[in-house]
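Heads up: the structure comes next, in structure tokens.
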Amino acid sequence: MSVNNTNNTIKYISLKTALPGPMAEQLMQRRNEHVPRGPFNTVATFAAKGEGALLTDVDGNTFIDFAGAIGTLNVGHCHPIVVEALKDQLERYIHPCFHVMMYEPYVALAEKLNAWTPGNHQKQTFFLNSGAEAVENAVKLARKYTGRRAIISFERGFHGRTYMAMSLTSKVKPYKDGFGPFVPDTYKMPYPYYYRAPVNMTSDEVDDTILAQCEQLFLTEVPGEDVAAIIMEPVQGEGGFVMPSARFVQGIKTLCERYGILFIADEVQTGFGRTGKHFAIEHYGVIPDLITMSKSIAAGLPISAVTGRAEIMDAANVGEIGGTFGGSPLGCVAALKVIEIIESERLAERALHIGAVVDERFRRLQQLVPQIGDVRTLGAMSAIELVQDPATKAPDKQLAQRILREAHSRGVIVMGAGLYGNVIRLLSPLVITDDQLNEGLEVLEGAILAAVAH
């Protein structure tokens, strides 16, 4: 059965079956029998091939990918430069383990990130496997260096699923429910959410109120002198693409400096050109003490990094940080090529263009669809927040779910987000062409209108 869209403007999406198709249905049965239900899946099918911003499944259905492996594929699926570098590396050596015999790509990538990250101070970098591991190790280093115990994160923040990272994460379901007790000496500060601020309160007033509450935390929960670090997403990813002002971020940095607290920027989702700069923290005029990175660092290979001030990074003694697979040669080689591609193809500038196109489309659609309560964009991190009523701003998770299902059935892969599950977020590869971007947005717009009319 063909369900392909007959619109003449559709050039890239090709839907030959309903979802899941027959081959995907067989794989789904095997997945349900042999894999636990815990790992979630966005689209009810299985990948066969990825290229740039396109994904084709096992039944021959081709989708425009606005999810990008949750922001992992800034340079797209199977960028040929990365693929060739990996083939070459595979023929040399796969994994001697940096702790057994060192290899040059590890050092080369550390050098590159030390130069690429914000600040002219002396830095050092080491590598791990995942964003959560990067967060865990940034916390270890902060505690080791400061000799302090407490770590502060923010409401709605997401930092991973390991126990320290999960303790720092704010959203209870599905990430924390039933998994306690959690790591002690972790605390949450409020984070500005200007769309949901009290009526008539300005952004500056929101910032001032929250910064005062942060200061109050040192009186009511933990002394500032006992806090090792504050960790912040420059844009809250899983939290719904909630974006603070530069004034607020600078206020937190000032608070850190006043009490000798380290500032950790969690750039796992926001890094590597996604927001129009190498790292999102650069939008705020703040230089962090430590930066955690993963996702788009290596075009889909599992590697993460912590980069920070050399004196902090060197606080750990020999053997106190690391891991068997951390900084694998394949991941390091891929990451070096990713940075080369971002620079040569000017993908940070491309992110600004993508964001401008998406923002304009969403804001125009917002005039027709009052359930689109807010549009938020920073570079190619774009989202709409869906509400039942624009006056009450009551979240509409059900509408968000209908939009996701409708978009997937029409050949566009998008994901949800937000504390209330009412946000649709876009994280397309930065290599997406204008034709692909516009086609995907046209189809997504149709999915939104259909879901609203449901």
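What to note about this one:
- Cβ-Cβ contacts under 7 Å between residues 6 or more apart (or on different chains), taken from a first residue in the range 26-40 that is free of Cβ contacts under 8 Å to residues at least 12 places away in the same chain and assigned by TED's automatic domain parsing to the domain that holds D59 to a second residue that is part of a helix (DSSP H, G or I) and surrounded by 10 or more Cβ atoms within 10 Å (Cβ to Cβ), are absent.
- Which numbered condition L301 fails, given (1) aliphatic (A, V, I, L, M); (2) farther than 30 Å from N137 by Cα; (3) assigned to a loop (DSSP other than H, G, I, E, B): (2)
- For F248: the one exception among (1) of a type outside the set (K, R); (2) surrounded by 24 or more Cβ atoms within 10 Å (Cβ to Cβ); (3) part of a helix (DSSP H, G or I): (2)
- Subset of the range 342-351 [part of a helix (DSSP H, G or I), surrounded by fewer than 20 Cβ atoms within 10 Å (Cβ to Cβ) and either touching a residue at least 60 places away in the same chain (Cβ under 8 Å) or touching a strand residue (DSSP E or B) at 6+ places or on another chain (Cβ under 8 Å) (or both)]: E349
- The condition (being touching an Asp or Glu at 6+ places or on another chain (Cβ under 9 Å), within 20 Å of N74 (Cβ to Cβ) and among the β-branched types (V, I, T)) is satisfied by just one residue among I264, I291: I291.
- Selection over the range 127-178 of residues that are aromatic (F, W, Y) and more than 24 Å from A69 (Cα to Cα) gives a count of 2.
- R92 satisfies every condition listed in (1) surrounded by 16 or more Cβ atoms within 10 Å (Cβ to Cβ); (2) assigned by TED's automatic domain parsing to the domain that holds T292 except (1).
- Check on V139, surrounded by fewer than 23 Cβ atoms within 10 Å (Cβ to Cβ) and at negative phi: no
- When we screen L404, L419, L444 for residues that are at pLDDT below 95 and more than 20 Å from G276 (Cα to Cα), the only hit is L419.
- Lone qualifier among V318, V306, V286 - being farther than 19 Å from M102 by Cα and either modelled with pLDDT under 95 or not in a helix (DSSP H, G or I) (or both): V286
- Unique match (being more than 26 Å from L336 (Cβ to Cβ) and either surrounded by 21 or more Cβ atoms within 10 Å (Cβ to Cβ) or assigned by TED's automatic domain parsing to the domain that holds V423 (or both)) among F127, F158: F158
The values are calculated or read from the model by the stated rules, or taken from the named source; none is laboratory data. Just so we're clear, the structure is a prediction, and the values are computed from it rather than from any experiment. When we count neighbours, we look across all protein chains shown, and the Cβ atoms used for this are built from the backbone with ideal geometry, even at glycine.
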